Amino acid sequence: MKAVILAAGYGTRLLPVSRVVPKELLPLVDRPAIALVVDELVGAGVTELVVVGSRRKRGIEDWFDHDPELSGVLGDDPRIRPPAVRATFVRQARMGGVGDALLAARPFLGDEPFVLAYPDDLFVGPNPTAQMLAVHRATGGCVMAAADGSGLDLTRYGVLDVDGVEPASGGLRVRGIVEKPPAGAAPSSWVTWGRYVLTPDLFPELVADAAAHRGGELYHIGALGRLAARGRVYAAVLDADRRDTGTALGYTLAFLDEALSRPDLAEPVRAWLKARLRDG
């Protein structure tokens, strides 16, 4: 199984630090944020990655590489081993949108289903990619990550138009996607997060969209929506909690989640938080 990680964005919501440090490399304690995404993908059976980046993101390529200088000092220290997955790097010449990034990655994907991951989205709990792949194997279709967005401002999200539950997989049948609907116009409360399982039949749709494109970013949602109208798209309702690390708050919460998951840090961090909250 292959996966695409989108890592070409500017990270403007995390300026000024993202001006010099790719947001994907911002630390969660002592690991870069992208490490948690890679762990999730590998844990779900992904063996090859295509990382779509830009000239500003060379540090990401370095993180996937061996470091002979550190190896000379520390030997086979597990802290300096690169991820146990094969990675290919593709650069977007400009910020052309998700559709453009997928077309750039296409030559490396073959004619097989693949996972698409937004590195801004981190999850705490059961592996979301594994859950989505289970729905894909039961249906053969594309799968979107979904959560109940009741109580959220739905005008900020992609919202799913669903048609009940698919019995064999437990996934929702998706018949359409509305991106950032006007207030009161959302077709449901099911919002979609930054994980997909995509099938090769998406690419002819993207190629058609690219041929008709007249500037700006090329998105994939229109192509996915047409597949949904043909009964080819499902949604997995995730059991994990999401952290949007593209925002200062989401990144802070993800940092704390990582610290509290560590046996060497959990108790002192929890004690500090309790004291800090008590003292106001």
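Each reported figure results from applying straightforward, stated rules to the coordinates on display, with no laboratory input. Because the structure is a prediction, the values reported are computed rather than measured. Cβ coordinates were reconstructed from backbone atoms using ideal geometry, including for glycine residues, and neighbour counts include every protein chain displayed.
Within the set of pairs 6+ apart or on separate chains, which have a first residue in the range 146-158 that is within 24 Å of Q131 (Cα to Cα), a second that is aromatic (F, W, Y), and C-beta atoms under 8 Å apart?
Pairs found: A146/W190; A146/W193; A147/W190; A147/W193; D148/W190; G149/Y157; G149/W190.
What are the residue pairs meeting all of these: first residue in the range 220-244, first residue surrounded by 21 or more Cβ atoms within 10 Å (Cβ to Cβ), second residue in a helix (DSSP H, G or I) and among the β-branched types (V, I, T), Cβ atoms under 7 Å, and 6 or more apart or on different chains?
Close Cβ pairs (under 7 Å, with a partner that is in a helix (DSSP H, G or I) and among the β-branched types (V, I, T)) amount to H220/V98; Y234/V135; Y234/T139; A236/V135.
Select from the range 111-154 the residues that are among the hydrophobic types (A, V, I, L, M, F, W, C) and either surrounded by fewer than 22 Cβ atoms within 10 Å (Cβ to Cβ) or on the phi > 0 side of the Ramachandran plot (or both) and list them in ascending order.
Scanning the range 111-154 gives V124, A130, L133, A134, A138, A147, L152.
Among the residues of the range 95-110, write down those that are outside any helix (DSSP H, G or I) and under 13 Å from L6 (Cα atoms).
Within the range 95-110, M95, G96 qualify.
Picking from A44, A3, which residue would you name as being of a type in the set (A, V, I, L, M), within 25 Å of S261 (Cα to Cα) and touching a Leu at 6+ places or on another chain (Cβ under 7 Å)?
Being of a type in the set (A, V, I, L, M), within 25 Å of S261 (Cα to Cα) and touching a Leu at 6+ places or on another chain (Cβ under 7 Å) holds for just one of A44, A3, which is A44.
Mind checking whether some residue in the range 198-208 is touching a residue at least 60 places away in the same chain (Cβ under 8 Å), assigned to a strand (DSSP E or B) and touching a strand residue (DSSP E or B) at 6+ places or on another chain (Cβ under 8 Å)?
yes
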